[in-house]
1. Can you run down the residue pairs with Cβ atoms below 6 Å, 6 or more apart or on separate chains, where the first is in region 1-21 and closer than 13 Å to residue 190 by Cα and the partner is assigned to a helix (DSSP H, G or I) and acidic (Asp, Glu)?
2. Is region 90-108 home to any residue that is aliphatic (A, V, I, L, M) and assigned to a loop (DSSP other than H, G, I, E, B)?
3. Restricted to region 89-119, and to residues that are under 23 Å from residue 146 (Cα atoms) and hydrophobic (A, V, I, L, M, F, W, C), which residue is nearest to the chain's Cα centre (by Cα)?
4. Tally up the residues in region 121-143 that are out of contact with any Ser or Thr (no Cβ under 8 Å at 6 or more places or on another chain), under 17 Å from residue 70 (Cα atoms) and either assigned to a helix (DSSP H, G or I) or of a type outside the set (D, E, K, R) (or both), please.
5. Of everything in region 61-90, what is under 22 Å from residue 113 (Cβ atoms), surrounded by 23 or more Cβ atoms within 10 Å (Cβ to Cβ) and touching a residue at least 60 places away in the same chain (Cβ under 8 Å)? Give them in sequence order.
6. Does region 34-46 include one or more residues that are out of contact with any Lys or Arg (no Cβ under 6 Å at 6 or more places or on another chain), closer than 30 Å to residue 143 by Cα and free of Cβ contacts under 8 Å to residues at least 60 places away in the same chain?
7. Looking at region 24-48, which of its residues are part of a loop (DSSP other than H, G, I, E, B) and β-branched (Val, Ile, Thr)?
8. Among what's in region 77-101 and is among the small types (Gly, Ala, Ser) and in contact with a helix residue (DSSP H, G or I) (Cβ under 6 Å, 6 or more places away or on another chain), pick the residue that is nearest to residue 123 (Cα to Cα).
Amino acid sequence: MNRKKILGVFLAVLTLAVLCAVFFLVPPAEGLDYYVRIAFFHIPMAWVSVLAFLLSAWWGARYLRSRDMRFDRLSARSARLGLIFVLLATASGAVFSKLTWGAYWNWDPRQTTIFVLLLIYGAYLTLRAALGEARLRARASAVYALFSFLTVPFLVFILPRLYFSLHPSPVINGSGSIDMDTSMLLTLLASLADGTLLYAFLMAGGSGRDIRKEESA
């Protein structure tokens, strides 16, 4: 059994364990009741999107240093996956918003900044589609990925904290402590590991068709 199959089996087992913990182990949260379960999907999606954008910028920098097209393909695939996970985080956040605040979208600071992030990385994919020559596309995409990631910490971690938000307090609250039931914390850590392994699995599965498509463009 190769590494990808082993990772796939482990990922399936961990995903099943996380689902069981979310629906049968996690207690209701004060003020959120069982709606808190959405957080165990929403938070890992948001985390993986940040990780994917970080690695997209990292591989973009590797391309600029080496001019190795392999790094361009990795950077592009990571950015695409990051955009998908941002969309999933946005959708799960909208469901939570509807259940708790009565509307899917209300331009809360966190919703506003995530919308800007969607526009930034949507523009990244548009840029890649618009440039036909492979080397030019790789160079422009790498530079864009680097500058785009500079906005991520501000949009995800800094700006939303500067304004009043209906969004529940983050895992690490303003006092720097973690105010969470032990079973919730362990389930959250497992779900974060699950999301990270899912990202790794999807990155590992992107060689053949994506590579041929990019090289023939």
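1. Matching pairs, first to second residue: 14/194; 15/194; 18/194.
2. Within region 90-108, one or more residues are aliphatic (A, V, I, L, M) and assigned to a loop (DSSP other than H, G, I, E, B).
3. 89
4. Of the residues in that region, 8 qualify.
5. 78, 79, 85 - these are the residues of region 61-90 that are under 22 Å from residue 113 (Cβ atoms), surrounded by 23 or more Cβ atoms within 10 Å (Cβ to Cβ) and touching a residue at least 60 places away in the same chain (Cβ under 8 Å).
6. Yes, region 34-46 contains a residue that is out of contact with any Lys or Arg (no Cβ under 6 Å at 6 or more places or on another chain), closer than 30 Å to residue 143 by Cα and free of Cβ contacts under 8 Å to residues at least 60 places away in the same chain.
7. Once the filter is applied, which keeps residues that are part of a loop (DSSP other than H, G, I, E, B) and β-branched (Val, Ile, Thr), region 24-48 yields only 26.
8. 79
The values are calculated or read from the model by the stated rules, or taken from the named source; none is laboratory data. Bear in mind the structure is a predicted one, so any value in this text is a computation, not a measurement. Because the Cβ atoms are built from the backbone with ideal geometry, glycine has one as well, and the counts that use them run over all protein chains shown.
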